[in-house]
1. If you check ALA194, ALA143, which single one turns out to be touching a residue at least 24 places away in the same chain (Cβ under 8 Å), part of a helix (DSSP H, G or I) and touching a Leu at 6+ places or on another chain (Cβ under 9 Å)?
2. If you take the residues in the range 239-253 that are assigned to a helix (DSSP H, G or I) and in contact (Cβ under 8 Å) with a residue 40 or more places away in the chain, which one is nearest to CYS192 (Cα to Cα)?
3. Could you check GLY112 against (1) surrounded by 21 or more Cβ atoms within 10 Å (Cβ to Cβ); (2) under 16 Å from ALA26 (Cα atoms); (3) not hydrophobic (A, V, I, L, M, F, W, C) and say which number it fails?
4. Take HIS154 and tell me if it is surrounded by fewer than 16 Cβ atoms within 10 Å (Cβ to Cβ) and farther than 30 Å from ASP59 by Cα.
5. Considering the range 279-303 alone, what residues qualify as being exposed (fewer than 15 other Cβ atoms within 10 Å of the Cβ) and modelled with pLDDT under 95?
6. Please find, within the range 22-56, the residue that is surrounded by the most Cβ atoms within 10 Å (Cβ to Cβ) out of those that are among the hydroxyl-bearing types (Ser, Thr, Tyr) and in contact (Cβ under 8 Å) with a residue 12 or more places away in the chain.
7. Is it fair to say ILE65 is under 22 Å from LEU119 (Cβ atoms), loosely packed, with under 15 Cβ neighbours inside 10 Å and modelled with pLDDT of 95 or more?
8. Determine the pairs where a residue that is hydroxyl-bearing (Ser, Thr, Tyr), located within the range 173-189, has a partner that is in a helix (DSSP H, G or I) with Cβ atoms under 6 Å apart, the partner being 6 or more residues away or on another chain.
Amino acid sequence: MLNAFPTPSAHTPSKIPAHKPSTFSAYARLIRLRNQSGTLLLVLPSLWALILASEGSPDLILIAIFILGAFFMRSAGVIFNDLADRSIDQKVERTKHRPLASGALTLVQAKGLASLIILLACVLVWHLNLLTIALSPIALLLAAIYPYAKRFIHIPQFILGVAFGWGSVMAWAAVRNNLDVTAWLLFASTICWAIAYDTIYALQDKEDDLKIGVKSSAILFGSYVWAGVGTFSALTIVFLGMAGWTMALGQAFYAGLAGISVFLSYQSFMLTQKHPTHVYFSMFKQHVWVGTAILIVFWIGFA
């Protein structure tokens with residue numbers, strides 16, 4: 001009987017297995033643990049809402065809940081995205097090494113982690129008022145359907161904006177237990193902002209997306225991408241300005257908003273020329289600072 005586990009000999013050199021990344025490392029890559037730009041872009045509109053709804057004095061517990069909730073929902077969202085796009089990701093240079101596309105994790109492992117994260121998010125929401133709890137299933141639904149938007153909608157970034165903006169609606173409800181016009185103006189501004197910055201992000205994959213046949217605003221706008229991004233950036237500023245007006249913010253708010261609009265205009269101008277993909281990614285990440293600047297000017301508007 002042959003030995004099922006032969007030992008190496010002098011005539012049979014042993015084979016040392018190649019290094020395999022740990023399961024923890026694969027999980028960390030699945031939720032983009034080392035890159036939290038998406039979490040910041042998700043939480044910032046919620047923080048805008050907390051600042052405005054509380055008139056410049058937000059509750060620290062609510063801030064902590066929404067920051068942690070944004071981390072959970074963004075983590076669940078990227079898992080949903082990778083589950084839906086695992087076959088597409090294998091064909092795109094930038095995404096082919098993702099854990100599900102490369103086989104580093106199984107579907108069962110990814111779904112298990114997503115379920116745990118959603119459970120933790122539910123525990124957080126349970127500490128909020130009944131209106132916010134009632135709004136929370138919509139956030140989960142939006143996170144689940146967004147990955148499929150690129151198959152059917154020419155501007156899937158709109159669905160992303162709705163999903164990210166829903167956090168601001170929930171944050172407003174958590175403070176005031178109602179939804180007035182200011183909440184919906186913040187919601188509209190977030191939708192427009194997400195379309196602007198995610199169009200820039202989508203420029204990285206434009207050529208691959210064209211080959212595969214998926215849709216994006218970067219493809220729809222074509223050579224007029226600068227105009228598309230510029231238009232939605234301008235609408236972002238308009239809706240933010242209207243939100244500030246409803247709360248009777250001071251002149252410092254409008255001065256700060258004018259400065260932000262200059263920077264967004266400069267970004268749109270940059271898009272009149274083609275750039276390497278790393279430039280688009282850098283421009284996308286700059287929107288974390290844009291969102292932070294908006295948060296600051298809302299706060300100083302109450303001074």
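The values are calculated or read from the model by the stated rules, or taken from the named source; none is laboratory data. Predicted, not measured: the structure shown is a model, and the values here were computed from it. Cβ: placed from backbone, ideal geometry, glycine included. Neighbour counts: every protein chain shown.
1. Values: ALA143 fails: touching a Leu at 6+ places or on another chain (Cβ under 9 Å).
From the options ALA194, ALA143, the qualifying one is ALA194.
2. To start, the set of residues in the range 239-253 that are assigned to a helix (DSSP H, G or I) comprises 239-246, 251-253.
Filter again for in contact (Cβ under 8 Å) with a residue 40 or more places away in the chain, leaving 239-240, 242-244, 246, 252-253.
Working: PHE239: 9, LEU240: 10, MET242: 14, ALA243: 14, GLY244: 17, THR246: 19, ALA252: 23, PHE253: 20 Å.
Filtering first and then ranking leaves PHE239.
3. Every condition holds for GLY112 apart from (1).
4. Values: surrounded by fewer than 16 Cβ atoms within 10 Å (Cβ to Cβ): yes; farther than 30 Å from ASP59 by Cα: yes.
Yes; evaluated as a whole, the condition is true for this residue.
5. Within the range 279-303, just ALA303 meets the criteria.
6. First pass over the range 22-56, keeping only residues among the hydroxyl-bearing types (Ser, Thr, Tyr): 22-23, 25, 27, 37, 39, 46, 54.
Subsequent filtering for residues that are in contact (Cβ under 8 Å) with a residue 12 or more places away in the chain retains 23, 27, 37, 39, 46, 54.
Values: THR23: 12, TYR27: 19, SER37: 17, THR39: 23, SER46: 28, SER54: 18.
Result: SER46.
7. Numbers: under 22 Å from LEU119 (Cβ atoms): yes; loosely packed, with under 15 Cβ neighbours inside 10 Å: no; modelled with pLDDT of 95 or more: yes.
In short, no.
8. Sorted first by the residue in the range 173-189, then by its partner, the pairs are THR182/ALA243; THR182/THR246; SER189/THR236; SER189/PHE239; SER189/LEU240.
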